[in-house]
Every structure is written in C-alpha cells, then in structure tokens.
Amino acid sequence: RLERIGLGLTGLSLTGLEISERPDFKAGTFLSVEAFHLRPSWRALARRRLVVAAVSAAGLKVRVVKAADGRFNYETMASSAPAAAAPEQSSAGPAPELNVRRARISRGLIEYSDGQDSWVISDLSISLDDFNLAEPFDLDASFHMRGKVGVRPVDASVVLVGTVDPARGKR
C-alpha cells in the first residue's frame, strides 16, 4: 500500500508505505513507514558515483517473526522464481562505493518474536553522518528495549554516541 509517491529533482518521497507479509495484509504487515525521503547527489551521479545526500524515515515500523521451522516472515516476500545468474564481473575498476552524507530514522519501532523470545524496540532514533564503509563515520542512536530474552525480562534505554571506523574494526 502506498498513499503518495513523489519523484523529482529533490529526490524520491513516499508517504504511507506499507508492505504486507505473504500472501496479503491478513497475514500481517512486515514494514510500514509514515514518511520516507531519499535525495541523491546529482553531481556525484553524473560522475558515476552513488552518493546519497540525505535519506530519512519517520514512523518506521518493522515486525520480524521467526517461525518454529526457523524461517523468518520476510523470507516469504522474495519471489519464488529461481534467481537470475550473477552478472560477470568486469575489470573496469573497483566496485562502486556507497556514501551516505546524512541518514535519519525517527519514531522507529521494531518488534521481534520467535515463540520463546519477544521484544520491542521503541522510540528508535538514528542519526548517521558521512557514512562510508572505508572511512570513519559519526553515529548517534537511541532506543528503548522491552521484552523477554530467554527467561530474563529486559527493560532498558540505550543511547549510543560516537564514531565508527569499520575499516579498522573500531567502534
């Protein structure tokens, strides 16, 4: 389901997006987002580089369920057609890198259940600046986690602020 879509020089915007589990919404809603916006860097695209100038998701909700057979609810959303053969690698140069100058998630909610453990992450807020897997980037995240893991109840608020350096494995 999608209430509204916008596409133009300012990028892509989606309002009221909902993705059902298979076969339809009677099975549940896997993902919903009140407002999503993606703005690429047009200058970088002209130079054949993928740079996301800004991406944001407000009111993001994700529901993950693990069935008794070990499969997750999102696995059924993929096509049942066989996967296409992978394209041959070209020797034209390194794989394109992904750069995200600014990413924001606000009012997020993640629900998880597997029959034994269940938890909810609410009030999820993530702010990510200058993301690139080859360079350090700033991360600011906060959320409230409540539920049960094993026999232990969990009720915690978490705040993470710092720099992540994935190339060096440092957090």
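Structure notes:
- Taking the convex hull of Cα positions in the chain, its mean projected area over all directions (nm²): 13.3
- Within the chain, antiparallel bridges make up roughly 85 percent of the DSSP beta bridges whose residues both belong there.
- Cross-link partners for Lys66 among the aspartates and glutamates, with Cα-Cα distance under 14 Å and sequence neighbours closer than 8 places in the same chain left out: Glu21, Glu75, Glu111, Asp114, Asp117.
- Taken one residue at a time, the phi angles of the stretch 56-67 give Karplus couplings (6.51, -1.76, 1.60, θ = phi - 60°) of 9, 9, 10, x, 6, 10, 10, 10, 10, 10, 9, 6 Hz. Gly and Pro are set to x.
- Highest to lowest packing among 47-58, 151-162, scored as the average C-beta count within 10 Å: 47-58, 151-162
- Per residue, the chain exposes 70 Å² of solvent-accessible protein surface, assessed with a 1.4 angstrom probe and all protein chains in place.
- Segment Arg4..Lys26, full-extension length gain: 5.7 nm, with 0.36 nm per residue of separation and the alpha-carbon distance subtracted.
- Per-residue [θ]222 nm for the chain (sum of -39500 (n - 2.57) over DSSP H runs n ≥ 4, rounded to 500): -500 deg cm²/dmol
- Surface share of carbon and sulfur [accessible, 1.4 angstrom probe, percent] for the stretch 125-166: 60
- If R0 equals 22 Å, the separation of the Cβ atoms of Glu75 and Asp117 corresponds to a calculated FRET efficiency of about 0.75.
- Point-to-point label distance, Arg47-Ala141, nm (Cα→Cβ direction, 7 Å offset): 3.0
- A simple charge model with +1 on the Cβ of Lys and Arg, -1 on the Cβ of Asp and Glu and nothing else charged puts the dipole of the stretch 16-67 at about 420 debye relative to its Cα centre.
- Label zone (Ser157, point 7 Å along Cα-to-C-beta; backbone nitrogen cut-off 16 Å) within the stretch 116-130: 121-126.
- Note on the stretch 1-60: dipole from Cβ charges, positive end direction compared against Ala44, Ile5, Ala27; the farthest Cα belongs to Ala44.
- Under the Karplus curve 6.51 cos²θ - 1.76 cosθ + 1.60, θ = phi - 60°, whole-Hz ³J(HN,Hα) for the stretch 131-148, x wherever Gly or Pro sits: 6, 7, 5, 9, 10, x, 9, 8, 9, 9, 9, 8, 6, 10, 10, 9, x, 9
The values are calculated or read from the model by the stated rules, or taken from the named source; none is laboratory data. Just so it is clear, the model here is predicted, and its values are computed rather than measured. Quick reminder, even Gly has a Cβ in these numbers, built from the backbone with ideal geometry, and neighbours come from all protein chains shown. These area figures cover heavy atoms from the full protein model, side chains too; ligands, DNA and RNA do not enter into them. Shrake-Rupley method; radii C 1.70, N 1.55, O 1.52, S 1.80 Å.
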